[in-house]
Amino acid sequence: MIEIDEYLTWDATEMAELVRRGDVHADELEATARALIERLQPALGCIADLSPSPAEAAADGAFAGVPFLVKELLAFPGLPWSMGSRLLAQNPPGDPSPYAERLLGAGLRVVASTTSSEFGLLGSTESALRGPTRNPWGLHLTAGGSSGGSAAAVAAGIVPMAHANDAGGSIRFPAAMTGLFGFKPSNGRCAPTGAESGGLADLVVDHCVSRTVRDSARLLATTERRGADRRFEPIGEVTAPGPERRTIGVLTTTLMGAVPAPEVLAAVDRTQVLLDQLGHRIVEIGDLDVDGVALSEAFFVTAALTMAQVAQMVTPLLGRPPGPDELEPFTLELIGWASELADDSGSRAARTMSAQAAAYLRVFDTCDVVLSPTVTRAPWELGTLAPHLGRETLVERTGQLIGYTPIHNITGSPAMSLPHEHIDGLPIGVHLAAAPGDDRALLELALELEAARPWIDRRPPVPAASAG
């Protein structure tokens, strides 16, 4: 029988090695993860559906025998594909995608799915289907969204890493909220999760949140495209910092012009000092020629049109348009707004995003990596981005709180949030981004920063105590 305290110290790489050596059996790891779900789920609300029997995974993969969770936005064998919505609460499992097949090929044992905001639309996981997902660092706080369930579960120690995806920061700011490492690969680097159908779906990148950089780097090596459909040359498994000294540009205000809280600025300052001590060159970034307001409107126009397409698809099945019994107020407001938009609004939004992306990418003419906060403040209270609030309020608050991350989904850049010192007991994330395809540079930098200022032993006190 595995001791919980010992289980909590292992990352996924170490678990896999213990299984390979025969020191621990995969069944024991799975049983421990399930016991922690039973113990912590009532407080955290991070689990969507349990898998009665995990889909058969490869016995010789990189993570063979390691318990794992997938976000409920991903179609996966044996788990309902609910997308965080009452509309799809009875949806059966979808066909496994190439990405899901890579997870199984890695040997991961998927024991449950994790909660998401409805269709991944909001930056807090408080769906009408599941209720609120709570942050292990403070049960009155959000764990972020839309990958809040995965972030809460990993931070609490249920599993060492979990699947997450990101259309505007949904890997990175939940990681920042919960003291984890959250890496968004370059768009198109990883195996696809479905048809590339345009709209919001084209901005989505799938990967994970994890406690260590090496777990994230190894998972990326198992899921990146290697065939004729690849957009970038595979980088394989990044295992150590690189020798190159990078030029790091520092950006503190969001693209919407919002200024972060003093404790967030202090975290960026300390990271800047550490990077300088490690021999990297620090430069200040002036005003970027990016219209954050126009970018935000184009993003939400795209989201609205995508939701309108969903409503149109299900109307024949329901015999009527979906209503408040199936969809949350914010989603319904987006659909209503879409009906008022001009016929060319989608193409205009796409042109706006393309133009703003090109403007942002010019920053890499003068630096290799951009350092910024991940979000503008420490974890906020549940209810701040709740789906019953009006569209204008939610869009405004999203822009104020989460103004650093969406641009990287539009440019296709790799980006990551690293955990920093905790202010008043709460985690803070610092964010680094690079030019599209330069994933290796970021992972090498992350490994260097992790070695220089380790975070592995920082754990939330409440779940760890209750699990002991």
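On the stretch given as the stretch 314-334, residues that are in a helix (DSSP H, G or I), surrounded by fewer than 21 Cβ atoms within 10 Å (Cβ to Cβ) and in contact (Cβ under 8 Å) with a residue 40 or more places away in the chain total 3.
Would you be able to say whether some residue in the stretch 166-173 is buried (at least 21 other Cβ atoms within 10 Å of the Cβ), more than 29 Å from ALA452 (Cβ to Cβ) and modelled with pLDDT of 95 or more? There is at least one residue in the stretch 166-173 that is buried (at least 21 other Cβ atoms within 10 Å of the Cβ), more than 29 Å from ALA452 (Cβ to Cβ) and modelled with pLDDT of 95 or more. Hey, any hits in the stretch 385-400 for a residue that's of a type in the set (S, T, N, Q), more than 30 Å from LEU334 (Cα to Cα) and over 17 Å from the mean Cα position of the chain (by Cα)? No, the stretch 385-400 contains no residue that is of a type in the set (S, T, N, Q), more than 30 Å from LEU334 (Cα to Cα) and over 17 Å from the mean Cα position of the chain (by Cα). Is it true that some residue in the stretch 108-117 is open to solvent by 30 Å² or more (accessible area, probe 1.4 Å) and either charged (D, E, K, R) or outside any loop (DSSP other than H, G, I, E, B) (or both)? Checked the stretch 108-117: at least one residue is open to solvent by 30 Å² or more (accessible area, probe 1.4 Å) and either charged (D, E, K, R) or outside any loop (DSSP other than H, G, I, E, B) (or both).
Restrict the check to the stretch 194-204 and report whether at least one residue is crowded, with 24+ Cβ neighbours inside 10 Å and either assigned to a strand (DSSP E or B) or touching a residue at least 60 places away in the same chain (Cβ under 8 Å) (or both). Taking every residue of the stretch 194-204 in turn, none turns out to be crowded, with 24+ Cβ neighbours inside 10 Å and either assigned to a strand (DSSP E or B) or touching a residue at least 60 places away in the same chain (Cβ under 8 Å) (or both). Pick from the stretch 411-429 the residues that are farther than 18 Å from ASP166 by Cα and in a loop (DSSP other than H, G, I, E, B): which of them is nearest to the chain's Cα centre (by Cα)? Out of the qualifying residues, it is GLY425.
Any chance the stretch 146-159 includes a residue that's assigned to a strand (DSSP E or B) and in contact (Cβ under 8 Å) with a residue 12 or more places away in the chain? Looking for residues that are assigned to a strand (DSSP E or B) and in contact (Cβ under 8 Å) with a residue 12 or more places away in the chain, one finds none in the stretch 146-159, hence no. Before we move on, is ARG21 surrounded by 15 or more Cβ atoms within 10 Å (Cβ to Cβ), farther than 17 Å from GLU118 by Cβ and of a type in the set (D, E, K, R)? Against the criterion (surrounded by 15 or more Cβ atoms within 10 Å (Cβ to Cβ), farther than 17 Å from GLU118 by Cβ and of a type in the set (D, E, K, R)), ARG21 does not qualify. Yes or no: the stretch 98-105 includes at least one residue that is among the small types (Gly, Ala, Ser) and either part of a loop (DSSP other than H, G, I, E, B) or out of contact with any strand residue (DSSP E or B) (no Cβ under 8 Å at 6 or more places or on another chain) (or both). Yes, because at least one residue in the stretch 98-105 is among the small types (Gly, Ala, Ser) and either part of a loop (DSSP other than H, G, I, E, B) or out of contact with any strand residue (DSSP E or B) (no Cβ under 8 Å at 6 or more places or on another chain) (or both). From the set of residues in the stretch 65-97 that are assigned to a loop (DSSP other than H, G, I, E, B) and among the charged types (D, E, K, R), which is least open to solvent (accessible area, probe 1.4 Å)? Step by step, filter the stretch 65-97, then rank; the result is GLU72.
Only residues that are open to solvent by 10 Å² or more (accessible area, probe 1.4 Å), closer than 25 Å to PRO174 by Cα and touching a residue at least 12 places away in the same chain (Cβ under 8 Å): list them for the stretch 38-64, please. Once the filter is applied, which keeps residues that are open to solvent by 10 Å² or more (accessible area, probe 1.4 Å), closer than 25 Å to PRO174 by Cα and touching a residue at least 12 places away in the same chain (Cβ under 8 Å), the stretch 38-64 yields ARG39, ALA43, GLY45, ILE47, ALA48, ASP49, LEU50. Pairing residues of the stretch 426-455 that are over 22 Å from PRO406 (Cβ atoms) with residues that are among the aromatic types (Phe, Trp, Tyr), at Cβ distances under 9 Å and at least 6 apart in sequence or on separate chains, gives LEU426/TRP137; GLU450/PHE181; TRP455/PHE181. Take the conditions (1) without any contact (Cβ under 8 Å) to a residue 60 or more places away in the chain; (2) of a type in the set (A, V, I, L, M, F, W, C); (3) touching a Gly at 6+ places or on another chain (Cβ under 9 Å); (4) open to solvent by 10 Å² or more (accessible area, probe 1.4 Å); ALA221 misses just one of them, which is (1).
Looking across the stretch 235-258 at every residue that is assigned to a loop (DSSP other than H, G, I, E, B), open to solvent by less than 50 Å² (accessible area, probe 1.4 Å) and aliphatic (A, V, I, L, M), the one that is farthest from PRO436 (Cα to Cα) is identified as ALA258. Tallying residues that are of a type in the set (Lys, Arg), in contact (Cβ under 8 Å) with a residue 40 or more places away in the chain and under 17 Å from PRO260 (Cβ atoms) within the stretch 362-408 yields 1.
Entry remark, the stretch 376-399: residues being in a loop (DSSP other than H, G, I, E, B), open to solvent by less than 50 Å² (accessible area, probe 1.4 Å) and either on the phi > 0 side of the Ramachandran plot or not β-branched (Val, Ile, Thr) (or both) number 10 in total. Which one is least open to solvent (accessible area, probe 1.4 Å), of the residues in the stretch 273-313 that are part of a helix (DSSP H, G or I) and within 22 Å of ARG453 (Cβ to Cβ)? Within the stretch 273-313, the match that is least open to solvent (accessible area, probe 1.4 Å) is LEU275. With respect to the conditions (1) modelled with pLDDT of 95 or more; (2) over 22 Å from GLN400 (Cβ atoms); (3) aliphatic (A, V, I, L, M), LEU141 lacks only one, and its number is (2). If the condition is being part of a loop (DSSP other than H, G, I, E, B) and of a type outside the set (Lys, Arg), then the stretch 212-234 contributes THR212, GLY227, ALA228, ASP229, PHE232, GLU233, PRO234.
The values are calculated or read from the model by the stated rules, or taken from the named source; none is laboratory data. The structure displayed is predicted, hence computed values, not measured ones. Backbone-built Cβ (ideal geometry, glycine too); neighbour counts: all protein chains shown. The protein model used for the area step is the full one, side chains on, heavy atoms only, and it has no ligands, DNA or RNA in it. Shrake-Rupley method; radii C 1.70, N 1.55, O 1.52, S 1.80 Å.
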